[in-house]
Amino acid sequence: MRLVRHALTLETTTPIAFVDLSDRVRDWVATAGIRDGLLVVGTLHTTARIAINEREPKLQGDMTRFLERLAPKGAGYAHDHGALDGRDNGHAHLLSLFLNTTETIPVVRGELELGTWQAVFFVELDGPRPQREVRLTLLGESPAER
């Protein structure tokens, strides 16, 4: 068994964003040297999350509007009046309660085992941000270990 790690960096340009990471993750897995295993895609940010869902622009718009209605920015959250980083982002912390910090994806024969319509998203809840990071951890067998 081998363990391989990698980090992806990205920039977000809107307050809430669904950034499709699927191609970047697939490209890295293809070069990581592990044929079969498990990939953990995660973020260490408290106001960003990872999600697997359908890639369709109208749906991403629907999801963004849903999150904006669920916890609207500036709705008088106590955190907005004492945030450590000075950002009025109580809404983003509340939204993060409903999403995952990681997703685990099987890797089969060197490819992500995702459904036809599934994509891997970085979900920004407190943008825009000039730099965000996604951590990839792949555990499995390389072809030489078989």
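Any read-out appearing in this document is the output of simple, stated calculations on the displayed coordinates, not a laboratory observation. Not measured: the values here are computed from a predicted model. Cβ atoms come from the backbone with ideal geometry, glycine included; neighbour counts cover every protein chain shown.
Between E111 and R69, the FRET efficiency estimated from the beta carbon spacing at R0 = 30 angstrom works out to 0.25. All alpha carbon pair distances within the chain were sorted into 10 Å bins beginning at 0; the resulting P(r) in whole percents reads 11, 38, 30, 15, 5, 1.
Over the stretch 2-145, Cα pairs under 8 Å with separation of 6+ residues give a relative contact order of 54 percent. On full extension, the segment bounded by K58 and R5 gains 15.8 nm, given 0.36 nm per residue less the C-alpha separation.
Tell me which chymotrypsin sites (Phe, Trp or Tyr not before Pro) from the stretch 24-108 have a DSSP coil assignment and no more than 12 other beta carbons within 10 Å of their own. Show your work: numbers first, answer last.
Details: sites: W28, F66, Y77, F98; in loops: Y77, F98.
The qualifying sites are F98.
Relative to the longest principal axis of the Cα atoms of the chain, helix 22-31 runs at roughly 30 degrees.
Taking the Cβ of G86 as the center, what net charge do the other residues with Cβ under 13 Å away carry, scoring Lys and Arg +1 and Asp and Glu -1? Numbers along the way, then the final one.
Numbers: positive: R87; negative: D80, D85, D88, D126.
Neighbourhood net charge equals -3.
Grab the other residues whose beta carbon is less than 15 angstrom from that of V134, score K and R as +1, D and E as -1, and report the net. Show your work: numbers first, answer last.
Values: positive: R5, R24, R26, R49, R129, R132, R135; negative: E11, D20, D23, D27, E103, E124, E133.
After counting each charged neighbour, the total is 0.
What number, rounded to the nearest 500 deg cm²/dmol, is the helix-based mean residue ellipticity at 222 nm of the chain, given -39500 (n - 2.57) per DSSP H run of at least four residues and division by all its residues? It would help to have the intermediate numbers written out before the result.
Working: 3 runs with 31 residues, N = 146.
For the chain, the value works out to -6500 deg cm²/dmol.
Rounded to the nearest 20 debye, the dipole size of the chain about its Cα centre is 140 debye, using +1 on the Cβ of Lys and Arg and -1 on the Cβ of Asp and Glu. Using a cut-off of under 19 Å, list every residue of the stretch 36-72 whose amide N is near the label point 7 Å from the Cα of L97 along the Cα-to-beta-carbon line. It comes to 45-50, 66-72, nothing else.
Under 15 Å from a point placed 7 Å out from the Cα of V40 along the Cα-to-Cβ direction: which residues of the stretch 108-146 have their backbone N that close? Residues 134-140 qualify, since their backbone N sits under 15 Å from the label point. Taken about its Cα centre, the stretch 1-67 carries a charge dipole of roughly 200 debye when the Cβ of each Lys and Arg holds +1 and the Cβ of each Asp and Glu holds -1.
Between beta-carbons, use under 15 Å as the cut-off and find the net charge around R26, counting Lys and Arg +1, Asp and Glu -1.
Local net charge: -2.
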